[in-house]
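Asker: After the structure tokens below, expect a handful of questions from me.
The values are calculated or read from the model by the stated rules, or taken from the named source; none is laboratory data. Bear in mind the structure is a predicted one, so any value in this text is a computation, not a measurement. Note that we place each Cβ from the backbone using ideal geometry, even for glycine, and neighbour counts take in every protein chain shown. For the accessible areas, the whole protein counts, side chains as well, though only heavy atoms, and no ligand, DNA or RNA atoms are used. Shrake-Rupley method; radii C 1.70, N 1.55, O 1.52, S 1.80 Å.
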Amino acid sequence: MSDSPLVPPNGLSYKQAGVDIDAGNALVEAIKPAVKSTRRPGADGEIGGFGGLFDLKAAGFADPILVAANDGVGTKLRIAIDAGVHNTVGIDLVAMCVNDIVVQGAEPLFFLDYFATGALNVEQGTAIVEGIAEGCRQAGCALLGGETAEMPGMYAGDDYDLAGFAVGAAERSALLPRKDITAGDKLVAIASSGVHSNGFSLVRKIVDMSGISWSDPAPFAPERSLGEALLTPTRIYVKPILAALKAGLSIKALAHITGGGFQENIPRVLPAHLAARVELGAVTVPAVFGWLAKSGGIAEREMLRTFNCGVGMLVAVGAQDAAALVDRLNAEGETAAIVGDLVERSGEAVEFSGTLDL
């Protein structure tokens, strides 16, 4: 027995150090139904083991190439924490990973999450994981496992952080971008649901300057609070894009418009001799971006390199299939439109004409 006045008579416990093993076990039990709801061919095991298993053969692949992606939600989490709304950021987490996988022509197969907090709140953690499960259902992938890390001294109060990891697969012959991408191919924009999960450090700066609280009506959507409106989750494009690919439409390349906006993301899928010519007047811009631009005095080019400005996904498609792709996407509940084309590159990789309706 220690004689130190700092040590309790019966010795210290892990819980006294700030880690509650019982709360961790309670969270695992609470999220089991949500995890089970994401089962799919190839993944039907229970959580709680040391690793998750996935059977590519059972998923129907013959000559697969694995495609992996990881991401986080960024400082959008600060809004979720301050507004006390935790059931949507899990969708964002999944979206940021699976949308990066589908642009390579791959089907997301499974997802793993990492949830770190200072002191585990079972109710908060359950809401977060239920959001992750909802994202997985939207993407058709299994929530195969994850890690909950309770780390006192690393996170203050109710703060937490999230990271996600997704793995998908594509038949070797179906990987994107295609080699036959060429000048004259059309660019089809698929609408975003809002700000998605990029640029939130600038969003929060603008909100701070405006003096509006998260519980106030959103200036661009007064039927909702500002916090709820800005927490609108990232749209997941997996199912409509995979359906369009399976339908045989000549999709040559896909660009997920995330951090870096148009100028940084579109060139990632183009060969060096091609440029994207985007007609900004053809882009439908959600009201939130007009409010951000006006409230922050943000120039159009800065908007385009920071935010998606209403375009969550950009598709390069053969000109002969562009109208059919738009019709198909719109029929499946997306909002799509032709917004430009590919041209021989003579200068910048992304050329703009017209102006955004901000």
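Asker: Cβ-Cβ distance below 6 Å, separation of 6 or more or different chains: which pairs start in segment 266-295 with a residue that is farther than 23 Å from residue 219 by Cβ and end on one that is outside any strand (DSSP E or B) and basic (Lys, Arg)?
Answerer: Cβ pairs passing all conditions: 273/345; 274/345; 275/345.
Asker: Hey, can you tell me all the residues within segment 170-197 that are part of a loop (DSSP other than H, G, I, E, B) and open to solvent by 30 Å² or more (accessible area, probe 1.4 Å)?
Answerer: 175, 177, 178, 179, 180, 182, 183, 184, 193
Each row is one residue, and each column tells you yes or no for (1) open to solvent by less than 10 Å² (accessible area, probe 1.4 Å); (2) in contact (Cβ under 8 Å) with a residue 60 or more places away in the chain; (3) in contact with a strand residue (DSSP E or B) (Cβ under 7 Å, 6 or more places away or on another chain).
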site: 103; (1), (2), (3): no, yes, yes
site: 118; (1), (2), (3): yes, yes, yes
site: 123; (1), (2), (3): no, no, no
site: 138; (1), (2), (3): no, yes, no
site: 165; (1), (2), (3): no, yes, yes
site: 168; (1), (2), (3): yes, yes, yes
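Asker: Quick check: is even one residue across segment 299-308 assigned to a strand (DSSP E or B), closer than 17 Å to residue 196 by Cβ and touching a His at 6+ places or on another chain (Cβ under 7 Å)?
Answerer: Checking segment 299-308: not a single residue is assigned to a strand (DSSP E or B), closer than 17 Å to residue 196 by Cβ and touching a His at 6+ places or on another chain (Cβ under 7 Å).
Asker: Additional query: Can you confirm whether residue 87 is within 18 Å of residue 133 (Cα to Cα), open to solvent by 40 Å² or more (accessible area, probe 1.4 Å), within 13 Å of the chain's Cα centre (by Cα) and not hydroxyl-bearing (Ser, Thr, Tyr)?
Answerer: The answer is no for residue 87.
Asker: So residue 142 ticks every box in (1) small (Gly, Ala, Ser); (2) over 16 Å from residue 34 (Cα atoms); (3) open to solvent by less than 30 Å² (accessible area, probe 1.4 Å) but one. Which box is left unticked?
Answerer: (2)
Asker: From the set of residues in segment 339-358 that are among the acidic types (Asp, Glu) and in a strand (DSSP E or B), which is most open to solvent (accessible area, probe 1.4 Å)? Steps first, answer last, please.
Answerer: First pass over segment 339-358, keeping only residues among the acidic types (Asp, Glu): 341, 344, 348, 351, 357.
With in a strand (DSSP E or B) added as a condition, the list becomes 341, 344, 351.
On the way: 341: 26, 344: 109, 351: 53 Å².
Going through the qualifying residues, I end up with 344.
Asker: Residues 323, 287, 319: which one is open to solvent by 50 Å² or more (accessible area, probe 1.4 Å) and under 22 Å from the mean Cα position of the chain (by Cα)?
Answerer: Just a single option satisfies the conditions, and that option is 287.
Asker: Which condition does residue 271 not pass, out of (1) part of a helix (DSSP H, G or I); (2) more than 13 Å from residue 339 (Cβ to Cβ); (3) more than 21 Å from the chain's Cα centre (by Cα), if it passes all the others?
Answerer: All conditions are met except number (1).
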